[in-house]
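Encoded as structure tokens, the structure appears first; notes follow it.
Readers should treat all values here as calculations from the given coordinates under stated rules, not as data from a laboratory. In this text, all values refer to a predicted model and were calculated from it rather than measured experimentally.
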Amino acid sequence: MALKASELRKMDDTELAVRIAEIQKEVYDIRHKQVTKEDPNTSRIKLLRRDLARIKTVMNERHRGEAAAQQGS
């Protein structure tokens, strides 16, 4: 399931951090299965990496917004 940026923006930072950890573990598990020839769904890695990038982008937008607000004050 691909996450939408609008859904991610509704989550708080702790939820996003948990989601990042889940995705990283799933990518690791898929790669491990690939090495041990357990025939995983390797195309899922691409989707997970995109979700990970999307989450990190949302988090970066928030931190930049906070930094800009602090400089403006």
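List, in order, the whole-Hz ³J(HN,Hα) value for each residue of the range 50-58 obtained from phi through the Karplus relation with A = 6.51, B = -1.76, C = 1.60 and θ = phi - 60°; use x for Gly and Pro.
Values per residue, Gly and Pro as x: 5, 4, 4, 5, 5, 5, 5, 5, 4 Hz.
Please turn the phi angles of the range 59-69 into ³J(HN,Hα) values with the Karplus equation 6.51 cos²θ - 1.76 cosθ + 1.60 (θ = phi - 60°), one per residue in order, whole Hz, x for glycine and proline.
5, 5, 4, 5, 5, 5, x, 5, 5, 5, 5
For Met59 and Lys10, compute 0.36 nm times the residue count separating them, minus their Cα-Cα distance, and round to one decimal in nm.
16.5 nm
Can you list the HN-Hα couplings for the range 24-34, worked out from phi with the Karplus curve (6.51, -1.76, 1.60; θ = phi - 60°), rounded to whole Hz and with x for Gly and Pro?
4, 5, 5, 4, 4, 4, 5, 5, 5, 5, 5
Before anything else, pin down the relative contact order of the chain: Cα pairs under 8 Å, at least 6 apart, normalised by residue count, whole percent.
41 percent
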